[in-house]
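Inspection log for the structure reproduced underneath, given as structure tokens.
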Amino acid sequence: MSDNHDYDLIVIGAGSGGVRLARMSAQRGVKVAVIESRYLGGTCVNVGCVPKKLFVYGSHMGEDIEDAGGYGWSVPKDQIRFDWPTLVANKNTEIERLNGIYRRLLEGAGVTIIEGTAALVDPHTVAVGDRKLSARHITIATGSWPVTPDIPGKECILTSNEMFYLPQLPRTAVVWGGGYIAVEFAGILAGLGVETTLLYRGELFLRGFDEDIRSFMADEMRKKGVDLRFGVTIDSVSSEGASYSIALSDGSQMTTGLVMAATGRRALVDGLNLEELGVQLSSAGHVVVDDHFQTEVPSITALGDLIGTPQLTPVALGQAMVLSRRLFGDGEGTMDYTCIPTAVFCQPNIGTVGLTEEEARKSYGKLRIYRTAFKPMKHTLSGRDERSLMKLVVEDSTDRVLGAHMVGPDAGEIVQGLAVAMKAGATKAHFDCTLGVHPTSAEEFVTMREAVSSD
């Protein structure tokens, strides 16, 4: 400890990025405290990617049971039962286990865990209740929080946070939004037998994804029974006993058992007093930092969802590694945001890395586009009407693969390996000379020979 402070580093927020920064810094021999007001592990572990994927697994089991018939397994439909409270309870047990792991990781590294709500007093002092703690460095890692539009009946609308603790499933549901959270929850609900409608104000959901992926996914979701309504939004919601009446922007009305909004997230900076200390916030409410995660106040840094970079757990983890090195290591290193792979756990999954075709056309010259769509081998016997899509975006002059995109089972697992190759600068020739694993869907990425377009 130096400069007569209580700690070398205080981290506000014990999400993925905050925990990683605290652990890595403590392991460098400095004194660290982490302050958390809710739960260890942040959004991802508690009300985000981890429980969501468990729900995705659970919602897909029904299809697996149905598909078994094509392989000789007889499961009478009248004997199939699903119990929502069991899934929620088992999910809760797993999250509690992960909370414990996070606590042990922090304590094992020598990090002091302080439970409570933090507020900055000055550039080196944090108040937690009646306590005041000082530190040479303070990092804000409080993440983001769901935003619900301010419309009449807003209090009737749930967010993703509450969806993980529903006491029971409704018969019908409306999901409002067009991002990956909305698409994933629409798939979860539909897979669990809920009559589900997704409403989105734009012409097509998943803005920012490759156009082929967006349109292909819309077709696949409709096959699974999700009612997709684009070009419409919610004007108001009112409670009618056990159901809700929704007034839509096109003048129509609908009744449903649940309304969920997945309409965006905001930086969670309430009560921190950042602006009073001179920390700048952007017009979107994000904490403004430079390439080294430094705010305008020399002793205060920030990372993760609240700084406006891609809201992905691996991004926050990478930022934490860089920042720990800069604060307490050799002072070097920057974060590389190119070729970030990501997955959408809709059904079927989306996996993507690199540039979309639309992005590549804005930044590069002539491109070659490779694309294939097919029925996965599993469904040749199951009889399910589900197809997969794979696509490569290639710069013609260099043969470098700029983007790889997939819709299909285990897309995230497959794209992770492609991300390594693309990070290393793989060309289409490298893909072509790589032998496929047969029979798999993944081999399609190394067997696409004819470009569907070259311009």
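The values are calculated or read from the model by the stated rules, or taken from the named source; none is laboratory data. Just so you know, these numbers come straight off a predicted model, no measurement behind them. Heads up, the Cβs are rebuilt from the backbone with ideal geometry, glycines too, and the neighbour counts pull from every protein chain shown.
Table for the structure above
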read-out	value
Qualifying residues in segment 127-143 (those that are in contact (Cβ under 8 Å) with a residue 12 or more places away in the chain and either outside the structural domain of THR301 (by TED's automatic domain parsing) or in a loop (DSSP other than H, G, I, E, B) (or both)) - the one farthest from ASP6 (Cα to Cα)	GLY143
Among (1) more than 21 Å from ALA141 (Cβ to Cβ); (2) in contact with a Phe, Trp or Tyr (Cβ under 7 Å, 6 or more places away or on another chain); (3) at pLDDT below 95, the one test that LYS53 misses	(3)
Inter-residue pairs, beta-carbon under 6 Å, first polar (S, T, N, Q) and in segment 283-301, second surrounded by fewer than 19 Cβ atoms within 10 Å (Cβ to Cβ) and modelled with pLDDT of 95 or more, 6+ apart	SER299/PRO123; THR301/GLN294
Filtered residue count, segment 290-316, keeping only those that are of a type in the set (D, E, K, R), in a loop (DSSP other than H, G, I, E, B) and in contact with a Ser or Thr (Cβ under 8 Å, 6 or more places away or on another chain)	1
Enumeration of residues in segment 201-226 that are within 18 Å of PHE345 (Cβ to Cβ), surrounded by 16 or more Cβ atoms within 10 Å (Cβ to Cβ) and touching a strand residue (DSSP E or B) at 6+ places or on another chain (Cβ under 8 Å)	PHE205, LEU206, PHE209, ASP210, ILE213, PHE216, MET217, ALA218, GLU220, MET221, VAL226
Long-range neighbours under 6 Å by Cβ, at least six apart or interchain, first residue outside the structural domain of ASP385 (by TED's automatic domain parsing) and at positive phi within segment 197-220, second surrounded by fewer than 22 Cβ atoms within 10 Å (Cβ to Cβ) and of a type outside the set (Val, Ile, Thr)	LEU206/ARG214
Filtered residues of segment 97-126 (kept if in a strand (DSSP E or B) and not small (Gly, Ala, Ser))	THR112, ILE113, ILE114, GLU115, LEU120, VAL121, ASP122, THR125, VAL126
Any hit, segment 39-60, residues being in a helix (DSSP H, G or I) and of a type in the set (D, E, K, R)	yes
